[in-house]
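Only one structure is covered here, and it is reproduced in the block below.
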Amino acid sequence: MRCKNTGFSFFAGNVINKSQSATGVGRAILAERITLSTIADKLGVSTATVSLALRDSPLVAEATRERIKEQAREIGYIYNRRAASLRTSRSDIVGVLVRDIVNPFFAEILRSIEKELGDKRQTFLLCNHDDNLEIQENFIATLMQFGADGVIMSPSVGTTPQDVERIEKNGIPVTMIARTVEGTDIPSFIGDDLKGMELVTSHLLDLGHRDIAIVGGTTLTSTGRARRAGFEAAFKKLGLPAKALIDIETPYDKSSGYEAAKTILKAEKLPTAVACCSDTVAIGVMNGLREAGLIAGKDISVTGYDDIEEARIAAPPLTSVSDGHNEIGRQAAQALIAKINGDTSFSSINVVPPELRSRSSVCPPQS
């Protein structure tokens, strides 16, 4: 089944051996259907004990849990999520919305979310909204139809407090990652973008750079605004005019950084450093500069933000800011599980401290 105009898909079906008819397969399934009672009778325990064990309940001794799980694996028992949801009013399904799953920043956050949710036996459905409100709204509607237990979202540009309030009023708890929506008290887990950008800009200023371009992000998002505020704060701290030589707003991707480099090279006055608001943009900028014969860390300085894995092995290795995105994903998932269980004690803004990662893409100003 493909969901129309949502930006995501679900696929379901049975694999049928070519030598079998559909009717034959149906009869075989009915004849060999495995239930909780099958496991309970085999091990001499109650069906309630089997159900609790398969949900990792601490009410069942660990040795018994493992024995039941092993038996379930041996006989091919498949957990009936639909039946369980009718009993518990829980679907064990969580929705996750991000702008761009191709961006390594979100991919690394999703990895930590998946691990945390998996440890709690939660399945998540993923939406790539690409800052399209219609895709985001359609996905949320689908989550409601599926009876999802909660949603973790990096909200699309244009998301209002009323949009978020409507989700929670429909019984779906929300936590946010990477971005916030002003006017809400939803637990949001973010890096300290202002402090992080101040750190990396101060690093450039300490080396003597003054003509610095800033590239990436948009002031339409909380992230883009905070990183530009951090850039300006570093200048103000030294009593310098808080203004970028060139300011180019772009999506957080390599091709945008590559095109930004071309724009920079056409400027009347060239910067001695380019401070990028993401590593993907910075890697694109370095590629664009390299094409023009300029090497980052030798002819011009380039910095990134996020400290994704690729930043460490870029050519040259990229100076960046570690914003703790793995921790952001882990904490957001933990908070959502807590909210689903009735805990509303989390702060509205939860900040992970940034750390500067100095590498060889930066050098003193070159004439």
Based on the alpha-carbon gyration tensor of the chain, what equivalent-ellipsoid semi-axes (square roots of 5 times the eigenvalues) come out, in whole Å, largest first? 48, 22, 19
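Before I look further, what does the chain give for accessible area per residue, probe 1.4 Å, in whole square angstrom? Could the numbers behind the result be given before it?
Details: 18010 Å² over 367 residues.
Roughly 49 Å² per residue, with all protein chains present.
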With point charges of +1 on the Cβ of Lys and Arg and -1 on the Cβ of Asp and Glu, referenced to the Cα centre of the chain, which listed residue (204, 319, 335) lies farthest in the positive direction of the dipole? 335
Say each of residue 218 and residue 47 gets a label point 7 Å from the Cα, pointing the same way as Cα to Cβ; how far apart are those two points in nm? 5.4 nm
Residue separation between residue 295 and residue 312 times 0.36 nm, minus their alpha-carbon distance, gives in nm 4.5 nm
Looking at the chain, which longest stretch skips every one of the GluC sites (Glu not before Pro) that is in a DSSP loop with at most 14 other Cβ atoms within 10 Å, leaving the sites themselves out? 33-181
In whole Hz, with x marking every Gly and Pro, tabulate ³J(HN,Hα) for the stretch 169-182 from phi via Karplus 6.51 cos²θ - 1.76 cosθ + 1.60, θ = phi - 60°. 5, 8, x, 10, x, 10, 10, 10, 10, 6, 10, 10, 10, 4
At R0 = 35 Å, FRET efficiency that the Cβ-Cβ distance of residue 366 and residue 229 yields, to 0.05: 0.80
Can you compute the helix-only [θ] at 222 nm over the chain? Use -39500 (n - 2.57) per DSSP H run of at least 4 residues, normalise by all residues, nearest 500 deg cm²/dmol. -13500 deg cm²/dmol
Taking all protein chains as present, what is the carbon and sulfur share of the accessible area of the chain, in % to the nearest whole number, probe 1.4 Å? 51 percent
Here is the link list: 115/236; 262/298; 120/195. Which ones come out longer than 30 Å on Cα distance? 115/236; 120/195
After finding the eigenvalues of the alpha carbon gyration tensor for the stretch 36-164, what semi-axes result from the square roots of 5 times each, listed largest first in whole Å? 36, 16, 11
Compute and list, largest first, the equivalent-ellipsoid semi-axes of the stretch 152-219 from the alpha carbon gyration tensor, each √(5λ) rounded to a whole angstrom. 35, 12, 8
Relative contact order of the chain: what whole-number percent is it, with Cα pairs under 8 angstrom and at least 6 residues apart? 16 percent
Nearest 5 percent is fine: what portion of the DSSP beta bridges confined to the chain is antiparallel? 15 percent
Separation between the residue 268 and residue 347 pseudo-spin-labels, each 7 Å from Cα along Cα→Cβ, expressed in nm? 4.6 nm
Quick shape check on the stretch 188-325: root eigenvalues a ≥ b ≥ c of the Cα gyration tensor, a/c under 1.5 is rounded, otherwise prolate if a/b tops b/c, else oblate, and it reads rounded
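The values are calculated or read from the model by the stated rules, or taken from the named source; none is laboratory data. Note that the structure is predicted; figures quoted are calculated from it, not measured. Backbone-built Cβ (ideal geometry, glycine too); neighbour counts: all protein chains shown. Side chains included, ligands, DNA and RNA excluded: accessible areas come from the protein's heavy atoms. Shrake-Rupley method; radii C 1.70, N 1.55, O 1.52, S 1.80 Å.
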